[in-house]
Amino acid sequence: MRYTDDHLAATSLAEVCRAVAVSERTLRRRFRAATGMTWRQYLLHSRLLHAMTLLIRRDSTVLGVATAVGFDSASAFSRAFHAYAGQTPTAFRSERLNTALSANA
């Protein structure tokens, strides 16, 4: 999990297996037993949670966040983010920034 989180932008199951010195079959089996989800599911959740923290910053674009967490396109990122968070990345950012501004006022 730590290796995956440290390499969100560009990692694969094969790379993780090499890093932890186990076969893909073993990693899949152990990962699911330990977490209740597949490694792929974990990767997606981790990417989206990290994206949420990046979206709150004003200095990054949605496309910049998408590529930083490993998505190939803004549209793929937006679809995945909407399915995960129930709103688009832009709406999420606006809501969080408005909440922060209201709290500071």
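Answer with yes or no whether Y84 is farther than 16 Å from A9 by Cα and surrounded by 12 or more Cβ atoms within 10 Å (Cβ to Cβ). In short, yes. Among helices (runs of 4 or more DSSP H) entirely within the chain, having at least 3 residues that are of a type in the set (G, A, S) and free of Cβ contacts under 8 Å to residues at least 12 places away in the same chain singles out 74-85, 89-104. Here W39 fulfils each of the conditions (1) under 15 Å from Y3 (Cα atoms); (2) within 10 Å of the chain's Cα centre (by Cα) apart from (2). Against the test of being at pLDDT below 95 and either more than 14 Å from L8 (Cβ to Cβ) or among the basic types (K, R) (or both), the options R47, R29, R96 yield a single qualifying residue, R96. Set side by side, the residues T11, T38 differ, and just one is at pLDDT below 95 and surrounded by 13 or more Cβ atoms within 10 Å (Cβ to Cβ), which is T11.
The values are calculated or read from the model by the stated rules, or taken from the named source; none is laboratory data. From a predicted model like this one, the values you see are computed outputs, not experimental measurements. Cβ atoms come from the backbone with ideal geometry, glycine included; neighbour counts cover every protein chain shown.
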